[in-house]
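Below is one structure; the comments refer to it alone.
The values are calculated or read from the model by the stated rules, or taken from the named source; none is laboratory data. Predicted model only: the values in this text are computed from it and were never measured. When we count neighbours, we look across all protein chains shown, and the Cβ atoms used for this are built from the backbone with ideal geometry, even at glycine. These area figures cover heavy atoms from the full protein model, side chains too; ligands, DNA and RNA do not enter into them. Shrake-Rupley method; radii C 1.70, N 1.55, O 1.52, S 1.80 Å.
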Amino acid sequence: MSTIDHKTTAADQVVYEGSSLELENVTLAYGDVEVVREVSLRVAPGTTTCVIGPSGSGKSTLLRGINRLHEPKSGDVRVAGRSVLKDRPDELRRRIGMVFQHFNLFPDHTALENVALAPWKVKGQSRAQARQVAEDRLREVGLGERMDHRPRDLSGGQQQRVAIARALAMHPEVMLFDEATSALDPELVKGVLRLMADLCRRGMTMVVVTHEMGFARKVADQVVFMDEGEVVEAGTPDQIFDNPRSDRLRTFLSEVL
Ligand code: ADP
Ligand code: MG
């Protein structure tokens, strides 16, 4: 198993060593209804995979299956070659960080407390250690001056940065983003996308569900197109955006581009 090694290369410059992520024939269901069927996926260490597809195609369910917010019905999920299906929930949350559309911050806690809480409570670090980690991560996402603000006193973009810092504070091996910029005012989207591109550049392994086709084209190593619970096509951004093979992908692209 690989552990994350946060090396400081410059003042606030952190290099990540993201792990590989593999999905093998993952099926997810609500009751008897299978909404993700037999999805297999390989994400190489330090690369970014963007998942695109129409609303209701199973993208969120797939992400939730990776960190077992939704327990897969069958198949396997491996991080650094090791199945996560038997991990304890707290162990799993350390290995895989997740960022949601609606930040899910604790409203009555400051940015610093929001980020420090999991390292302290889940990871068992001392308060001082957790505080230090939180300060470092908040500086890293550009919020060094806002640590004592509560969510309501931060913009949506800043709240999302806190949520990203909170996930990073657990030193995850893989980061999952579910439409992380969809709830933001348009002028705040770019800053959060830039931060995500920055994490990618510094070696984090990421799976990003997004409607931002520009981001997918520019940042992704791999783009996965889902429709009706299945991976219809996967390839490089050039293959997916410039040479779609299926009618379903062509139709989707004609609607979003
Ligand atoms: P996407 O993120 O691509 O929009 P979702 O993963 O949210 O798609 O949804 C995939 C399918 O699962 C949809 O048909 C949706 O209606 C269904 N679904 C999502 N959440 C639930 C739920 N809690 N109970 C039953 N069906 C659900
Ligand atoms: Mg969704």
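Points worth noting:
- For segment 198-239, a tally of residues being in contact with an Asp or Glu (Cβ under 8 Å, 6 or more places away or on another chain) and closer than 25 Å to LEU28 by Cα returns 8.
- Which listed residue is within 16 Å of ligand 2 (Cβ to nearest atom), part of a helix (DSSP H, G or I), more than 21 Å from PHE103 (Cβ to Cβ) and touching a residue at least 40 places away in the same chain (Cβ under 8 Å), from PHE225, PHE252: PHE252
- Count - residues of segment 60-95 that are of a type outside the set (Gly, Ala, Ser), assigned to a strand (DSSP E or B) and touching a strand residue (DSSP E or B) at 6+ places or on another chain (Cβ under 9 Å): 4
- Pairs with Cβ under 7 Å, 6+ apart, first in segment 80-93 and farther than 21 Å from ARG42 by Cβ, second open to solvent by 50 Å² or more (accessible area, probe 1.4 Å) and of a type in the set (A, V, I, L, M, F, W, C): ASP90/VAL122; ARG93/VAL122
- Qualifying residue in segment 177-185 (condition: within 16 Å of ligand 2 (Cβ to nearest atom), in contact (Cβ under 8 Å) with a residue 40 or more places away in the chain and either over 12 Å from the mean Cα position of the chain (by Cα) or part of a helix (DSSP H, G or I) (or both)): yes
- Residue match in segment 205-218 (condition: surrounded by fewer than 24 Cβ atoms within 10 Å (Cβ to Cβ) and modelled with pLDDT under 95): no
- Qualifying residue in segment 207-214 (condition: within 16 Å of ligand 1 (Cβ to nearest atom), among the acidic types (Asp, Glu) and either in contact with a helix residue (DSSP H, G or I) (Cβ under 8 Å, 6 or more places away or on another chain) or not in a helix (DSSP H, G or I) (or both)): yes
- Among all positions in segment 181-191, there is at least one residue which is open to solvent by less than 30 Å² (accessible area, probe 1.4 Å) and closer than 21 Å to ASN67 by Cα.
- The residues of segment 57-86 that are open to solvent by less than 40 Å² (accessible area, probe 1.4 Å) and within 13 Å of ligand 2 (Cβ to nearest atom), listed by number, are SER57, GLY58, LYS59, THR61, LEU62, LEU63, GLY65, HIS70.
- Within segment 17-56, the set of residues being surrounded by fewer than 23 Cβ atoms within 10 Å (Cβ to Cβ), in a loop (DSSP other than H, G, I, E, B) and within 16 Å of ligand 2 (Cβ to nearest atom) comprises PRO54, SER55, GLY56.
- Within segment 96-110, restricting attention to residues that are within 14 Å of ligand 1 (Cβ to nearest atom) and assigned to a loop (DSSP other than H, G, I, E, B), the residue that is most open to solvent (accessible area, probe 1.4 Å) is HIS102.
- Test: residue in segment 169-180 that is closer than 21 Å to GLU91 by Cβ and of a type in the set (Asp, Glu): yes
- Residue in segment 162-178 that is among the hydrophobic types (A, V, I, L, M, F, W, C), surrounded by fewer than 20 Cβ atoms within 10 Å (Cβ to Cβ) and modelled with pLDDT of 95 or more present: no
- Scan of segment 228-249 for residues that are more than 23 Å from the chain's Cα centre (by Cα), not hydroxyl-bearing (Ser, Thr, Tyr) and not in a helix (DSSP H, G or I), ordered by number: ASN243, PRO244, ARG245
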